[in-house]
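J.: Structure in structure tokens, see below.
Derivation of every value follows stated rules applied to the coordinates shown; laboratory data play no part. Quick caveat: nothing in here was measured; it's all calculated off a predicted structure. Cβ atoms come from the backbone with ideal geometry, glycine included; neighbour counts cover every protein chain shown.
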Amino acid sequence: MAKNKRPKANLVKFELKEEMLKDKEIRTALIEHIRRRKPAVEKIMEEVRVHNGNAIADVVAFYKETHCYEIKGQTDSISRLTRQAEIYNQTFPRVTAVITKNHVRWATKNLPEYWGIIVAEAVSENVKLRHIRKAQTNPDFDKKKALMGLWREELLEIARDKIEIKTSKKATRLELASLMGERLKKSETIKSIKAALISRQPK
């Protein structure tokens, strides 16, 4: 299998007050990093509940598709990503782990090859972000599981927008997600989920 080509390092700096890199410092640097990169991001959301509330994505960036970023600082348990990866694989078209150096060996060995990997390092009083693997299109995306991250009202609104999809007013979230997962194309599903999530927050 051909090895993924390593993209050029991309550096972002942020004032660091602690020696140990934790979620807060990495998250701030990551969001600044996403805002600076091209193509321009449409919106960034934090702490997004997905998969019927079974996981919370640290940072989600909205482009043509949604891109999930999961952060693991120096003192975080990297092994938790095993379970989280299963959920994110079904929910997001692209996923990237943002980790510290002590987690690199585990991540490169255990995360799917299509996951991106960014390494956060403390340099003097700054945070440096370095890409070591670019995120690829996720082949395990599951329309039904991804739709289960939306509220019932959002699912009903999507159904109303799609005239060909008729639903019962008493239909549950699971029933709505199952029906639309069968009827909608992948591109339509991704577009509908993106619009619903973006509409939750003011611009």
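J.: Run the reach check for residue 169 against aspartates and glutamates, Cα to Cα strictly under 19 Å, same-chain hits fewer than 8 apart removed. What comes back?
T.: Once the sequence-local aspartates and glutamates are set aside, what remains near residue 169 is 153, 154, 157, 161, 182.
J.: What does the charge dipole of the chain about its Cα centre add up to, to the nearest 20 debye, if the Cβ of each Lys and Arg holds +1 and the Cβ of each Asp and Glu holds -1? Please list the in-between numbers first.
T.: Values: 44 positive and 27 negative charges, 132 e Å.
Roughly 640 debye, rounded to the nearest 20.
J.: I need the phi-derived Karplus couplings for the stretch 94-107: 6.51 cos²θ - 1.76 cosθ + 1.60, θ = phi - 60°, integer Hz, Gly and Pro marked x.
T.: Karplus-based 3J(HN,Hα) across the stretch 94-107 equals 9, 9, 9, 8, 10, 10, 8, 4, 5, 9, 4, 4, 5, 5 Hz.
J.: Could you work out how much longer the chain between residue 195 and residue 161 gets when fully extended? Use 0.36 nm per residue separation minus the Cα distance between them, nm to one decimal.
T.: Working: separation 34, 0.36 × 34 = 12.24 nm, distance 1.19 nm.
Gain on stretching residue 195 to residue 161: 11.0 nm.
J.: Next question. Based on the alpha carbons, how large is the Rg to Rh ratio for the stretch 58-176 when Rh follows Kirkwood? Walk me through the numbers on the way to the answer.
T.: Numbers: Rg = 17.6 Å, Rh = 16.1 Å.
That ratio equals 1.10.
J.: For the residue pair residue 32 and residue 126, what label-to-label distance in nm results when each label sits 7 Å from Cα along the Cα-to-beta-carbon direction?
T.: 0.9 nm
J.: Using R₀ = 30 Å, calculate the FRET efficiency as 1/(1 + (r/R₀)^6) where r is the Cβ-Cβ separation of residue 152 and residue 64; round to 0.05.
T.: Details: r = 26 Å, r/R0 = 0.88.
E(calc), rounded to 0.05, equals 0.70.
J.: Any chance you could run the full-extension gain for residue 20 through residue 188? It's 0.36 nm times the residue separation minus the Cα-Cα distance, nm to one decimal. Show your work: numbers first, answer last.
T.: Numbers: separation 168, 0.36 × 168 = 60.48 nm, distance 4.22 nm.
Gain on extension, residue 20 to residue 188, equals 56.3 nm.
J.: In which sequence would 27, 36 go, from the one with the fewest C-beta neighbours within 10 Å to the one with the most?
T.: Ranked by crowding around the Cβ, least crowded first: 36, 27.
J.: Then there is this: For 169, 143, 64, what's the fewest-to-most ordering of other Cβ within 10 Å of each Cβ?
T.: Working: 169 5, 143 22, 64 12.
With the fewest neighbours first, 169, 143, 64 line up as 169, 64, 143.
J.: A 23 angstrom limit on the alpha carbon distance is what I want to check against. Which of 101/191; 43/109; 144/191; 72/144 exceed it?
T.: Values: 101/191 35 Å; 43/109 31 Å; 144/191 14 Å; 72/144 27 Å.
Flagged as over cut-off: 101/191; 43/109; 72/144.
J.: Continuing with this model, one more query. Percentage of Cα-Cα pair distances in the chain greater than 24 Å, rounded to whole percent? Mind showing how you got there, number by number?
T.: Values: 8706 of 20503 pairs.
Summing the P(r) of the chain above 24 Å gives 42 percent of all pairs.
J.: Next question. What's the local net charge at residue 91, with K and R +1, D and E -1, over the other residues with C-beta under 9 Å away? Each step should come with its number before you reach the end.
T.: Values: positive: 145; negative: 142.
Result for the local shell: 0.
J.: In a shell of Cβ-Cβ distance under 11 Å around residue 143, excluding residue 143 itself, what net charge do Lys and Arg (+1) and Asp and Glu (-1) give?
T.: Details: positive: 144, 145, 183, 185, 186; negative: 142, 182, 188.
Around residue 143, the charge tally is +2.
J.: Something else: How far, in nm, would the chain grow between residue 140 and residue 105 when pulled straight, counting 0.36 nm per residue and subtracting the alpha carbon separation?
T.: Numbers: separation 35, 0.36 × 35 = 12.60 nm, distance 2.34 nm.
Contour length minus Cα-Cα distance gives 10.3 nm.
J.: If R0 is 35 Å, what FRET efficiency do you get for residue 41 and residue 171 from their C-beta distance, rounded to 0.05? List each step's numbers first, then the result.
T.: On the way: r = 34 Å, r/R0 = 0.96.
It comes out at approximately 0.55.
J.: Go ahead and estimate [θ] at 222 nm for the chain from helices alone: -39,500 (n - 2.57) per DSSP H run with n ≥ 4, summed, over the residue count, rounded to 500.
T.: Working: 7 runs with 71 residues, N = 203.
Per the formula, -10500 deg cm²/dmol.
J.: For the chain, give the share of DSSP beta bridges that are antiparallel, in percent and rounded to the nearest 5; count only bridges with both residues there.
T.: Details: 18 of 29 bridges.
So the antiparallel bridges amount to about 60 percent of the total.
J.: Using only the Cα atoms, what convex hull volume per residue in Å³ does the stretch 13-124 have?
T.: Numbers: hull volume 11.6 nm³, N = 112.
So the per-residue Cα hull volume is 104 Å³.
J.: Label the stretch 143-198 by shape, choosing from rounded, prolate and oblate, from the square roots a ≥ b ≥ c of the eigenvalues of the Cα gyration tensor; if a/c is under 1.5 it is rounded, and otherwise prolate applies when a/b is larger than b/c, oblate when it is not.
T.: Values: a/c = 1.35, a/b = 1.24, b/c = 1.09.
Since a/c stays below 1.5, the shape of the stretch 143-198 is classed as rounded.
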